[in-house]
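Here is the structure we will look at, set down as structure tokens.
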Amino acid sequence: MRERNIRISIREISRIEGHLDIDVMVNSDGEVEVHAKALEGTRIVENVLVGKVYWEAIEIASRMCGVCHAIHKLTATQAVENAFNVTPPSDAIKFREIIAIAGHIQSHLTHLFYFTILDYLGKENIFQMLRDKRDLVIRVINLRQLTDEVIKKLGGSSVHPITPIVGGLSREIKKSDILSAYEAFRNMLDLASDIVEEILNISIPDLDSKSLYAALTNRNDIPLLQGKIRIGEEYHDAESFIRDLNAINEPYSNATHFIYRSSSYMVGALARLNLNHKNLVPEAKELCKRYNLEFPNYNPFANNLAQAIEIIHYIHKGLSILDDLKQKNNYQNRIRFTIRKGNGVSVSEAPRGLLFHQYELNENGIVTKANIITPTAQNLKNLEETIAKYFNKIRNLPPKDIEKEIMKLVRSYDPCISCAARFRKISN
Amino acid sequence: MIPKQKPRVGIFNLSSCEGCIVQILNLGEKLLDLLKLFNIVDCRVLGVKEDYNKLDIAIIEGCVMSFEEEVKAREIRERSEIVIALGDCAVSGNINFMKDITNKPHKSKPLSEVIKVDHEIPGCPISSEEFYRVLIDILMGKKITKKSITVCSECVLRENNCLLEKGVPCLGPITRGDCNAICPSNNRPCFGCRGLADDANIDALIKAFRDRNIPISQYLIALNQMKHKGGEER
Ligand code: SF4
Ligand code: SF4
Ligand code: SF4
């Protein structure tokens, strides 16, 4: 093995979800190698899921992440529904979509304002921002609160929503749910534009780092819960996509790092818009135009901007779904089903990108095998490669500044290490 | 009495999903009120890390699942006046979710098995309002008490249709309430996330399950064993 010199070593990057260390090494030939070390993961969830009855497994799967809990729960539920071959009523699907959208916006807000924007404003944390940008902070908090209100009202609880179950929703859908969610989305719209422009105004570093992008897609939408996977110019369903994934268990990391065939790829807001920007709502397109933001965009720092655009897109999306539901007076919340032996997989768009849940169930609905692939586990290899590229660009800066820049890049990927390290592919 | 200096607060997490910390963020503008009264000096998730020796209040989310976490918990204890266990993971090890009761591949310990805990805020997730209340009570020097009502009694007040009667395994009769019985109110059984109520009669609930042909869950069996061993009651 060639000698490697550790040039940069960053411990416990702050303002991300979970514990991540980064080492940048340069070998004697001057080649740069980066290790993204996910150092969490005392709980290997799939082991806990095996042996549990399907509904219990879904609750446990949702409790692995307090940030993306809603999408984990919905994806797990859909996977079990696929195994049982049951399709919930369309009202219930729309209702769940609203929960997913609210979770999506909330996650983006937390990432952009509690974690990321501080890098560009020279602040350490959101409390420091309170001093000179108090108005903005309060508006962000209020917008975040509206998303919380929606999840609480429709889901029954702000964190780990209660109502989504296999076959639909546990309780009846009331007209008042729809009206109050509609009201909340209207108010979001009023608050959001100034807030989002605050993000679009930051000037991101230059970095041209074209990757392979993967996202859910369909004809006229940027779907969160259903769709085909597009990677590059190929289209796949979940099963065939997973078959082409290669899991790399790096000795230095507790997370599995995934590559597609032999190449790293990127998932998340930037990937979604790079592949689906044509389907943005007109208001979001207009905003892109005003800020000279074009997709496809190969700068990974632009993931922050893509998230900002998505906030506007998904508020409009939420409104139009609720508009549909408002036209009705009676809703169907669930459908009866029979438990049967089967294998179900579901793929969704978590705020951070593609999320897979796969369960094998026996005739009593007990989980016999589980496999969960999180967005961050898919992004880690790509992140390592991108850091290497960026390092080459900034290697002459003082080490402290290099560290700062690398952390900024890491944060723009919006990694969730807690999830990535907790879900590991179990060998069969 | 409000002390002259704002109490210094640290927020930490061990093995958890961070959902209870998210519930703190979900306080919204009320979080800003808390910031007027408390000084958060340490919280990795929020990027706060000030220099300090002693903490007045340490808030710890999550259970202890490794030696490193045990060490971390002890260190926090040593430098903190008051330690609060935040959420079911910290309070009970979230045994119904985190621990595999049948084959125990990993051991999750509640915080109180490792260090002395002064206050517990139960729930998976915690209720934001309760968190707010506990902090204010500490500041005022009030004694913190947990309400002794069960989920069942709150559920009955809300005139929900009883799930247990329909043969659904609801743990409401033995679970400490003060959550507005949100699960049965959404037509889902209570899974006991707020821990055992005072005087919980587990035997009676097991009998009620048997009478209605409801399978007895591993969780219930574990609770009962714990109780009959006399030892660690939750
Ligand atoms: S108690 Fe529940 S919500 Fe809180 S950290 Fe644990 S799993 Fe997450
Ligand atoms: S549904 Fe559960 S909590 Fe409600 S009354 Fe019945 S047993 Fe009690
Ligand atoms: S009803 Fe039971 S499971 Fe639901 S929040 Fe209350 S105590 Fe927890």
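The values are calculated or read from the model by the stated rules, or taken from the named source; none is laboratory data. Just so it is clear, the structure is predicted and the values come from calculations on it, not from any experiment. Note: ideal-geometry Cβ built from the backbone for every residue, glycine included; neighbour counts use all protein chains shown. Heads up: the accessible areas ignore ligands, DNA and RNA and are worked out on the full protein's heavy atoms, side chains in. Shrake-Rupley method; radii C 1.70, N 1.55, O 1.52, S 1.80 Å.
One table, with the values for the structure above:
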quantity: Listed residue (B:GLY93, B:LEU55, B:ILE121) projecting farthest to the positive dipole end of the range B:8-140, Cβ model; calculated: B:GLY93
quantity: Label point at A:PHE337 placed 7 Å out along Cα→Cβ; residues across the range A:223-255 whose backbone nitrogen lies under 18 Å; calculated: A:225-227, A:238-239
quantity: Angstrom value of the Kirkwood radius, inverse mean 1/r, which spans all Cα pairs in the range B:8-140; calculated: 14.9 Å
quantity: Cβ charges +1 (Lys, Arg) and -1 (Asp, Glu), total dipole of the protein assembly as shown, debye; calculated: 880 debye
quantity: Fraction of antiparallel bridges per DSSP, chain B only, in percent to nearest 5; calculated: 25 percent
quantity: Residue-normalised accessible area of chain B, given per residue in Å² at a 1.4 Å probe; calculated: 46 Å²
quantity: Karplus-derived 3J(HN,Hα), 6.51/-1.76/1.60, for each residue of the range B:29-34, Hz, glycine and proline x; calculated: 5, 5, 5, 5, 4, 4
quantity: Mean Cα-pair separation over length for chain B, i.e. relative contact order, pairs under 8 Å, 6 or more apart, %; calculated: 16 percent
quantity: Shape category assigned to chain A from the gyration tensor of Cα positions, a/c cut at 1.5; calculated: oblate
quantity: Chain-alone versus full-assembly comparison, the range B:1-43, residues with accessible loss of at least 30 Å² (1.4 Å probe); calculated: B:SER15, B:SER16, B:CYS17, B:GLU18, B:VAL22, B:LEU25, B:ASN26, B:GLY28, B:GLU29, B:LEU32, B:LEU35
quantity: Relative contact order for chain A, counting Cα pairs under 8 Å that sit 6 or more residues apart, in percent; calculated: 27 percent
quantity: The range A:217-302: trypsin sites (Lys or Arg not before Pro) in DSSP coil with no more than 15 other Cβ atoms inside 10 Å; calculated: A:ARG219, A:ARG261
quantity: Ellipticity estimate at 222 nm from DSSP helix runs (n ≥ 4, -39,500 (n - 2.57)) divided over chain A, nearest 500; calculated: -14500 deg cm²/dmol
quantity: For A:ASN299, distant residues with modelled amide H under 5 Å away; calculated: A:SER209
quantity: For A:GLU17, residues with placed amide H under 5 Å, excluding near neighbours; calculated: A:ILE417
quantity: Peptide-level mean, for A:122-131, of C-beta atoms on other protein chains within 10 Å; calculated: 3
quantity: Relative contact order (%) - the range B:100-180, alpha-carbon pairs under 8 angstrom, separation at least six; calculated: 26 percent
quantity: Accessible-area composition of the range A:90-167, carbon plus sulfur, in percent [1.4 Å probe]; calculated: 45 percent
quantity: Value of [θ]222 nm, deg cm²/dmol, for chain B, DSSP H segments ≥ 4, -39500 (n - 2.57) each, nearest 500; calculated: -9500 deg cm²/dmol
quantity: Accessible area expressed per residue, the range A:293-364, with surrounding protein chains retained (probe 1.4 Å, Å²); calculated: 39 Å²
quantity: Simple label model, 7 Å out from Cα along Cβ direction - A:LYS289 to B:THR145, nm; calculated: 6.5 nm
quantity: Loss of accessible area when A meets B, both sides summed, Å² nearest 100, probe 1.4 Å; calculated: 3900 Å²
quantity: ³J(HN,Hα), Karplus 6.51/-1.76/1.60, whole Hz, each residue of the range A:106-115, x for Gly, Pro; calculated: 4, 5, 4, 4, 4, 4, 5, 9, 8, 10
quantity: Anisotropy class of the range B:151-233 from Cα gyration tensor, a/c 1.5 cut; calculated: oblate
quantity: Residues in the range B:184-214 occluded by at least 50 Å² - accessible area, probe radius 1.4 Å, against chain by itself; calculated: B:ASN186, B:ARG188
quantity: Hz values of 3J(HN,Hα) by residue in the range B:17-28 - Karplus curve (6.51, -1.76, 1.60), Gly and Pro given as x; calculated: 9, 6, x, 6, 5, 4, 5, 5, 4, 5, 5, x
quantity: Bridge type composition, the range A:45-420 - antiparallel percent by DSSP, nearest 5; calculated: 95 percent
quantity: Peptide-level mean, for A:49-62, of C-beta atoms on other protein chains within 10 Å; calculated: 3
quantity: Residue-normalised accessible area of the range A:26-118, given per residue in Å² at a 1.4 Å probe; calculated: 21 Å²
quantity: Inter-chain shielding of A:65-75 (mean C-beta neighbours from other protein chains, 10 Å cut-off); calculated: 3
quantity: Carbon/sulfur fraction of accessible area - chain B, other protein chains in place, 1.4 Å, %; calculated: 51 percent
quantity: Other-chain or far-sequence residues with amide H under 5 Å of B:ILE40's (modelled H); calculated: B:VAL9
